[in-house]
């Protein structure tokens with residue numbers, strides 16, 4: 001593309017990418033990036049440079065952790081990391097001050113930091129198909145009263161700490 005500054009939305013789904021292509025970095029004014037159904041297992045540090053980004057979807061990939069680079073996306077309103085293998089939400093999640101929707105269904109989330117309660121604009125947290133105990137679900141409900149929370153039935157599982 002000869003004018004990357006004029007591109008606001010990119011759908012790069014189903015490209016069989018194992019990593020995020022460095023050429024994406026040229027598109028500084030993106031408002032939406034969709035990287036669904038690739039084979040991405042980690043995100044580069046420069047992912048946090050998209051200061052205009054409002055929606056990011058990286059569902060159905062191979063991510064195992066919530067990249068701290070995402071915490072620099074100060075205008076992000078929706079983050080979809082569903083259907084990966086992410087094991088926790090970072091302590092500094094409240095850096096995403098404008099976040100309205102956090103979609104994490106079908107992961108292995110086992111850490112829910114108190115900073116979730118400081119996401120003032122968060123309306124929805126989707127945790128379907130994460131093996132959560134009753135106590136974990138109560139904890140999240142207490143952190144986020146009045147928000148739309150989605151859980152699967154609690155598991156009767158024993159977690160190793």
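Quick notes on this structure:
- Placing a label point 7 Å from the Cα of residue 17 along the Cα-to-Cβ direction, the residues of the stretch 50-94 whose backbone N falls under 11 Å from that point are 57-58.
- Rg(Cα) / (2.2 N^0.38 Å) computed for the stretch 109-161, rounded to two decimals: 1.12
- Over the stretch 91-161, relative contact order from alpha-carbon pairs under 8 Å, at least 6 apart, %: 32 percent
- Using a Förster distance of 30 Å, the FRET efficiency for residue 29-residue 108 (Cβ separation, nearest 0.05): 0.30
- By other beta-carbon atoms within 10 Å, ranking 129, 111 with the fewest at the front produces 111, 129.
- Between the helical axis of 134-143 and the longest alpha-carbon principal axis of the chain there is an angle of about 60 degrees.
- Exposure proxy ranking for 62, 3, based on other Cβ atoms within 10 angstrom of each Cβ and starting from the fewest, stands as 3, 62.
- Counting only DSSP H runs of at least 4 residues, each contributing -39500 (n - 2.57), and dividing by the residue count of the chain, the helix-based mean residue ellipticity at 222 nm comes to -2000 deg cm²/dmol.
- Rounded if a/c under 1.5, otherwise prolate or oblate - the stretch 86-127, Cα gyration tensor axes: oblate
- Shown is the FRET efficiency for residue 135 and residue 97, computed with R0 = 22 Å from the Cβ-Cβ distance and rounded to the nearest 0.05: 0.20.
- Part-to-part distance (alpha-carbon centres) for the stretch 1-45 and the stretch 87-161, which is given in Å: 27 Å
- Kirkwood-based shape ratio for the chain, expressed as Rg/Rh from alpha carbons: 0.98
- Ordering of 81-90, 36-45 by burial proxy (mean other Cβ atoms within 10 Å per residue, highest first): 81-90, 36-45
Here, each number is a calculation from the coordinates, and none is a lab measurement. Computed from a predicted structure; not experimentally measured. Cβ coordinates were reconstructed from backbone atoms using ideal geometry, including for glycine residues, and neighbour counts include every protein chain displayed.
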